[in-house]
Amino acid sequence: MKQLESQYEKILSDYMSDQTEKNLYIAQNFTRQLIQKNISPEDVVNIHKNAVGKIFPDRVGEDQPAYDFLIEVMVHYGMAHREHQSLLQIQAEYEMEMKIATDIQKTLLKTVVPQLSSIDIGMISIPFRKMNGDYVHFLHDREDYLSVAVTDVVGKGVPAALCMSMVKYGLETLEYAYKDPSYVLEVINRVIEKGVDDSMFVSMFYGCLDIQNSIFSYASAGHEPALHYSAKQGEFFSLEAKGLLLGVLSESKYSYNEIFLEDKDIVVMMTDGVTEFRSRDDLNSREIITSLIVENKHVSAQQLCNLLYKQIEKIQDFKLSDDFTVVIIKN
């Protein structure tokens with residue numbers, strides 16, 4: 001520090017004697033040394049105060065309180081500045097991680113809705129932020145079976161994207177076993193329990209439609225219940241199913257359930273971003289969903305998904321508070 005003070009005193013003295021651009025340039029370059037040596041703003045002010053005291057000893061009494069005041073100000077300024085820079089660094093790192101996660105999702109986790117002649121399928125998935133915490137995966141065996149996994153990953157960044165990748169590849173390795181929803185959840189649960197951090201939670205609703213026999217079997221791992229609209233009875237039924245979130249306990253079991261779908265029946269699978277109106281606690285989200293579907297049951301499954309999104313977005317003043325995902329199957 002003594003060497004820096006001597007250098008600064010010489011630079012300041014030269015500048016006060018001959019106030020040229022050259023001397024000012026030398027002073028500006030000197031600041032690089034201060035930064036490299038991690039000299040705080042208040043120490044810079046103190047160095048300047050001591051240099052002025054040596055160059056102009058007669059002014060020390062007059063300037064002392066003003067410099068002491070400035071040093072105190074700079075102490076707090078320096079702390080705030082360092083905190084601000086730290087936050088900027090954290091923000092930059094977060095944005096980079098989110099970009100990587102989003103790229104992983106776009107490259108590896110693109111969802112393609114099957115086009116089947118006998119079943120009408122619709123899907124919409126809108127992320128709340130850049131990366132979507134919801135993931136939908138379809139499996140189908142020609143026109144015989146259609147399976148769909150609707151997943152909600154409670155996590156952020158690259159770990160969440162990698163978790164979705166584990167879900168995807170776990171599902172794809174099941175081959176013909178994907179027709180048993182309870183077994184599927186047991187397998188995926190073990191995969192996630194071994195490879196995912198304890199702070200991350202994953203819910204899933206898994207349904208399999210036996211197209212030839214019109215039997216829809218399903219299981220749930222702590223996920224939002226699906227809805228079944230019975231055209232014959234003209235009412236909705238909640239497809240409740242017990243089961244822990246994925247990855248909590250390796251030996252968790254999941255209940256197997258099935259229903260018979262008649263002509264013009266509808267199954268609606270969704271994440272909690274569809275049913276939780278956080279800005280409108282006074283509204284019953286499921287009543288809104290069921291009413292809209294009944295009023296528009298004649299349109300295609302995809303049109304129903306789009307109408308549902310527009311309606312709920314409007315109710316929440318176009319400010320959704322979570323990822324929004326709906327899958328609709330019309331028999």
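The values are calculated or read from the model by the stated rules, or taken from the named source; none is laboratory data. Note that the coordinates shown come from a computational prediction; the quantities given were computed from them, not determined experimentally. Cβ: placed from backbone, ideal geometry, glycine included. Neighbour counts: every protein chain shown.
The table for this structure:
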{"read-out": "Residues located in segment 301-331, provided they are out of contact with any Pro (no Cβ under 6 Å at 6 or more places or on another chain), in contact (Cβ under 8 Å) with a residue 60 or more places away in the chain and of a type in the set (D, E, K, R)", "value": "Asp322, Lys330"}
{"read-out": "Of the criteria (1) surrounded by 13 or more Cβ atoms within 10 Å (Cβ to Cβ); (2) β-branched (Val, Ile, Thr); (3) not in a loop (DSSP other than H, G, I, E, B), which one Thr107 fails", "value": "(1)"}
{"read-out": "Residue, farthest from the chain's Cα centre (by Cα), within segment 111-151, restricted to residues that are among the small types (Gly, Ala, Ser) and assigned to a strand (DSSP E or B)", "value": "Ser147"}
{"read-out": "Residue within segment 261-271 that is out of contact with any helix residue (DSSP H, G or I) (no Cβ under 9 Å at 6 or more places or on another chain) and over 19 Å from Asn331 (Cβ atoms) present", "value": "yes"}
{"read-out": "Residue within segment 170-184 that is assigned to a loop (DSSP other than H, G, I, E, B), out of contact with any Leu (no Cβ under 7 Å at 6 or more places or on another chain) and at pLDDT below 90 present", "value": "yes"}
{"read-out": "Unique residue being buried (at least 20 other Cβ atoms within 10 Å of the Cβ) and either assigned by TED's automatic domain parsing to the domain that holds His140 or not in a loop (DSSP other than H, G, I, E, B) (or both) when the list is Val202, Val248", "value": "Val202"}
{"read-out": "Of all residues making up segment 185-199, the number that are part of a loop (DSSP other than H, G, I, E, B) and surrounded by fewer than 17 Cβ atoms within 10 Å (Cβ to Cβ)", "value": "3"}
{"read-out": "Test: residue in segment 226-245 that is in a helix (DSSP H, G or I) and either surrounded by fewer than 17 Cβ atoms within 10 Å (Cβ to Cβ) or among the acidic types (Asp, Glu) (or both)", "value": "no"}
